[in-house]
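The values are calculated or read from the model by the stated rules, or taken from the named source; none is laboratory data. Everything numeric in this text was worked out from a predicted model, so none of it was measured. Positions of Cβ are backbone-derived with ideal geometry, glycine not excepted, and every protein chain shown enters the neighbour counts. Calculation scope for accessible area: heavy atoms of the full protein, side chains included, ligands and nucleic acids excluded. Shrake-Rupley method; radii C 1.70, N 1.55, O 1.52, S 1.80 Å.
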Amino acid sequence: MMESSAPARETAGGPQHAFGERTRARRAIGVIVAAALLIGSGFFFGGFFRFVDTIVNYQTPSPLAADGIVVLTGGAERITGAIELMTAGKARRLLISGVHPDTSATRLGRMVEAEPDMMACCVDLDRRAANTIGNALETAKWARRNGFLSLIVVTSAYHMPRSMLELSHAMPDIRLIPYPVTRPGLTLGNWSEDRSVILLLLQEYLKYTATRLRLSLGGVDGLAELVGGTFG
């Protein structure tokens, strides 16, 4: 009787038991992975909605005034908005950052119907910057060269959060005032009803998130190259 009971005990702790343990382990890992994915997606979309809310609800200070204005190229409406601020006497000098090397100040002035005298006396062109990182670095040099302590930042509303990150990192001692503009045909108020606007905002949010990561790591060279070369 003693000999016949030994195989039964071995069977109870044998292959079937091991298989059951592996199955339970796989299920536990699956639950953990699913929970991580749910939490991660919650963080991603929660951050995205906060990002969009910031863009849609930008408020420009009033009265609006600063030592200088910087406009980051990417659309005629950006430069037009900056020229209007200069014409209204909101700052002493304007930097247009990211101008194509072949574009002259005269041609640029004609494009946005700016007064030739103002273009000649009070507008500087930066032809070195090729992306938002470059915009920030060149703007910081320009602002310090002119002794400016405050700047109005003009760019598209969806581009503003990332621009402010880069600019504030490059010149933490200078007060930055956002002045967002919107290109014709782009309606941000009902963004959730337009697939093309949703995709635009998602793309910009990914760039913004990558920028935050890079800057949180102290501007690691490899990530800087990724953000500058891949995202722009």
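Sorted by packing (mean other beta-carbon atoms within 10 Å per residue), highest first, where do 152-163, 103-114, 199-210 land?
Descending packing order for the listed peptides: 152-163, 199-210, 103-114.
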The long-range amide H neighbours of S150, using H built 1.01 Å from N in the peptide plane and a cut-off of under 5 Å, are D67, G68, R175
Leaving ligands and nucleic acids out of the surface, order R50, R78 by accessible area at 1.4 Å, largest first. R50, R78
